[in-house]
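What follows is calculated from the coordinates using simple rules that are stated; it is not laboratory data. No experiment lies behind these values; they were computed from the predicted model shown. Every residue, glycine among them, receives a Cβ derived from its backbone with ideal geometry; neighbour counts consider all protein chains shown.
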Amino acid sequence: MNLPHNPFAQADGKKPTCMEMLQVIIDGEATDEQQEYFKSHMDRCLPCFKSYDLDMAIKRLLKSRCCGGDAPADLVEQIKLQIGQNTAG
Ligand SMILES: [Zn+2]
């Protein structure tokens, strides 16, 4: 299957994984092109859609709870577990 040019592809032509693409998006470092590509990718990729939803929910939670400060990693894990349980299945 010939996919359109992947703006996440590395210089050496290595195909990025879903996790790598997600990471760029979640970090807020994605270009417009990358965001567009990922949006259409999410339409076809349920794991990406769920992870994106989850990470955005965590970001909102952390912002409201910690006023934008750095959150401890275990808090993030806790939230992920809680949300994961709610959306599992
Ligand atoms: Zn994906």
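Evaluate the distance, in nm, between pseudo-label points positioned 7 Å from the Cα of ALA11 and of LYS50 along their respective Cα→Cβ axes.
It works out to 3.6 nm between the two label points.
Roughly how compact is the stretch 1-44, stated as its Cα Rg over 2.2 N^0.38 Å to two decimals?
1.08
May I ask you to compute the full-extension gain from GLU29 to GLN78, defined as 0.36 nm times their residue separation minus their alpha-carbon distance, rounded to one decimal in nm?
The span from GLU29 to GLN78 would gain 15.1 nm if fully extended.
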